[in-house]
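The structure appears below as structure tokens.
The values are calculated or read from the model by the stated rules, or taken from the named source; none is laboratory data. On a predicted model such as this, the values are computed, not experimentally measured, just so you know. With ideal geometry, Cβ positions are generated from the backbone for all residues, glycine too; neighbour counts draw on all protein chains shown. Just the protein is used for accessible areas: all its heavy atoms, side chains included, with ligands, DNA and RNA removed. Shrake-Rupley method; radii C 1.70, N 1.55, O 1.52, S 1.80 Å.
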Amino acid sequence: MSLRAVVSPARSFSFRALSSTFASVRAHRPPTLSAALRRVSAPIAPRPRRTMTTTTTTTAAVAGAADLSSNPLASWQLGKSAEQSSAPDLPRWNSITPEHVRPAIDAAVAEVTREIDAIEAALLENPNPPSDWKSLMDPLERLSEKLSRPWGVVSHLKGVKDSEALREAYDACQPSVVGASLRVGQSRPVYDALVALQGDADAWSALTPAQRRAVECEVRDAKLAGVALDGAEKERYNEIAKELSALSTEFSNNVLDATKAFSELIVDKAGVEGLPASALEMAAQTAKTKGGREDASAADGPWMFTLDAPSYMAVRSHAKNRDLREKVYRAYLARASEFMVKSDSDDTKEAKEGKKKGDGDNAPLIEKILSLRKEKAKLLGYDTFADVSMAKKMATLDRAEALLEDIRAKARPAAERELEEIRAFAKEQGAPEADTGLMQWDVGYWSERLREAKYELKEEDLRPYFQLPAVIDGMFDLASKLFGVVVEPADGEVEVWHPDVRFFRLSDGATGKPRAYFYLDPYTRPAEKRGGAWMDDVVGRSAAMASPGSDVRLPTAHMVCNGTPPVGDKVRSIHWSPYDPVGEVNADP
């Protein structure tokens with residue numbers, strides 16, 4: 001994770017990403033470009049080195065460090081243990097509270113500011129800029145880690161353990177974090193040193209292809225960060241960057257709040273006809289935990305349905321109650337909008353807070369984001385924000401649009417045929433809506449009924465074969481056969497942010513040496529966890545950040561899903577559906 005990326009929303013991801021992770025570890029390549037570029041930080045052919053001095057120690061800094069020694073976020077060593085150890089140095093997730101955030105992040109911002117000042121001074125004083133990887137890139141990586149890693153922890157906790165106190169701490173720190181990111185990204189001395197390295201034929205040829213690519217990406221990212229801007233244009237660019245970051249956070253908060261605010265309580269058995277047993281168990285459990293109905297049971301109700309993905313998809317696919325399907329569909333579609341549906345029957349804390357705070361309409365935010373993105377693109381010399389986005393990608397805007405049009409042209413006729421087949425089937429079954437016209441909340445239901453009739457296979461029939469522990473064991477066994485790695489549980493070795501979270505060690509199958517670690521957070525938690533599924537790194541593979549006596553810091557990732565949680569002592573199965581909403585819209589700055 002680079003410092004320029006610290007304010008970007010988390011990316012959506014899925015279990016399918018594990019295969020590429022295993023493959024990259026087997027090939028001694030980390031799964032992301034940034035991690036790969038850290039790993040290749042090896043000495044280059046001998047040349048006179050000019051090392052940058054980056055740290056200045058003051059009495060105030062020493063005193064501040066002492067004050068932060070008990071802060072689990074500030075005292076984390078970013079994966080770089082003080083002593084050689086086989087145990088990974090990872091965040092103390094469960095020990096970190098919102099009160100720890102601001103002191104730790106303020107200290108990190110101050111340190112990054114001091115160090116970029118020192119790096120720039122060293123570069124300006126030296127007529128011959130560093131001409132090898134370790135002298136130029138390693139200090140920049142260590143600088144980046146000091147803020148991007150702790151802020152990454154805070155951002156992750158906000159996504160999986162959200163609370164009002166954490167939001168307040170996050171919002172208080174965000175402007176200074178964005179400012180520090182811009183300060184580093186717009187460093188002209190650093191940019192000039194990178195360009196000089198590109199222009200030095202001997203130094204450039206001594207770099208590996210991956211290292212050359214790293215330098216090229218840094219130069220490109222500096223341009224996109226506004227390094228070429230001056231005066232009023234630079235000031236305006238920075239204002240836009242800070243505002244976009246704040247809007248992105250507000251956008252995500254509104255979606256989560258709107259999702260929590262809605263619930264629908266059903267007390268009549270006829271109202272839940274058609275829903276499978278697993279959905280009724282989950283709905284009864286929700287009525288207990290969210291609705292305070294301690295008498296709720298899967299057999300007799302009451303049942304509470306929400307906009308959390310497992311609940312929403314169960315209603316959309318299986319509920320015979322068309323009114324319920326429509327209400328839940330409209331509520332889901334209208335989240336965080338002026339048309340947002342709030343529950344009339346629900347008096348939960350979440351619903352009351354949602355009404356008290358206002359409607360949380362994202363439409364004005366979207367308009368503002370679009371306007372700021374356009375202005376940002378113009379400042380950088382691009383016609384549209386899409387051009388800015390494509391500047392970091394292999395594709396071009398024209399080719400991307402052509403691909404979308406090609407898919408649309410080929411997919412639409414097939415989709416129209418399938419829709420007509422669903423209409424005909426619904427009519428055969430005597431559905432009144434087949435004559436009046438199927439609506440969006442009807443298609444998922446009748447599509448599922450058609451599949452059951454065609455293939456004599458019900459979704460519930462597959463659940464016993466896809467229980468989560470069995471799926472995990474099977475996936476790890478396949479990874480071992482394909483990539484020669486061993487994945488084993490390491491629960492209890494490190495702190496986690498929720499009891500449901502698992503921790504795994506990935507080792508080389510031949511030597512048994514650890515190669516990587518990852519967390520798995522499989523279940524939905526509507527009150528505190530955002531929707532979708534995503535993966536990100538906690539720490540990347542890095543030579544520059546290796547512990548004493550080690551050659552490299554091993555990578556650690558977290559994989560987050562929103563599957564149906566267990567009810568009671570039952571083991572949950574993994575449910576995959578082409579209709580699953582696996583990601584949320586992010587206002588990516």
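Some notes on this structure:
- Dipole moment magnitude, nearest 20 debye, the range 174-280 about Cα centre, only Lys, Arg, Asp, Glu C-beta charged: 200
- Backbone geometry of the range 545-558 corresponds, through the Karplus equation with coefficients 6.51, -1.76 and 1.60 at θ = phi - 60°, to 3J(HN,Hα) couplings of 9, 5, 6, x, x, 10, 8, 7, 7, 6, x, 9, 10, 10 Hz, x marking Gly and Pro.
- Cα-Cα over 31 Å, subset of Lys146/Lys223; Lys320/Lys410; Lys146/Lys376: Lys320/Lys410
- Using only the C-alpha atoms, the convex hull of the range 377-486 corresponds to 244 Å³ per residue.
- Projected-area mean, the range 127-213, by convex hull of Cα positions, square nanometres: 7.0
- Proximity of backbone amide H atoms, modeled 1.01 Å from N, is registered between Arg515 and Leu506, Ser507, Asp508 at under 5 Å, excluding neighbours fewer than 5 places apart on the same chain.
- Rounded to the nearest whole Hz, the Karplus-based 3J(HN,Hα) values (6.51 cos²θ - 1.76 cosθ + 1.60, θ = phi - 60°) of the range 321-330 follow the sequence 5, 5, 5, 5, 4, 5, 5, 5, 4, 5, with x at glycine and proline.
- Percent of C-alpha pairs per 10 Å bin, the range 189-253, short to long: 19, 34, 25, 18, 4, 0
- The alpha-carbon atoms of the range 117-157, seen along their principal axes, cover 44, 20, 8 angstrom, with the largest extent given first.
- Principal axis dimensions, largest first and in whole angstrom, of the range 262-347 by Cα: 36, 26, 19
- Charge context of Ala391, other residues only, Cβ under 9 angstrom, K/R +1, D/E -1: +3
- Per residue, the solvent-accessible area of the range 404-529 (1.4 Å probe, heavy atoms of protein chains only, all protein chains present) comes to 57 Å².
- Stokes-Einstein diffusion coefficient of the range 224-272, Kirkwood radius over Cα pairs, 20 °C, 1.002 mPa s, in µm²/s: 148
- 3J(HN,Hα) couplings calculated from phi for the range 122-139 with the Karplus curve 6.51 cos²θ - 1.76 cosθ + 1.60 (θ = phi - 60°) are, in sequence order, 5, 5, 6, 6, 9, x, 10, x, x, 10, 9, 4, 5, 6, 9, 7, 4, x Hz; Gly and Pro show x.
- Bins of 10 Å, starting at 0 and running to the largest distance - Cα pair percent for the range 147-280: 9, 25, 22, 19, 11, 8, 5, 1
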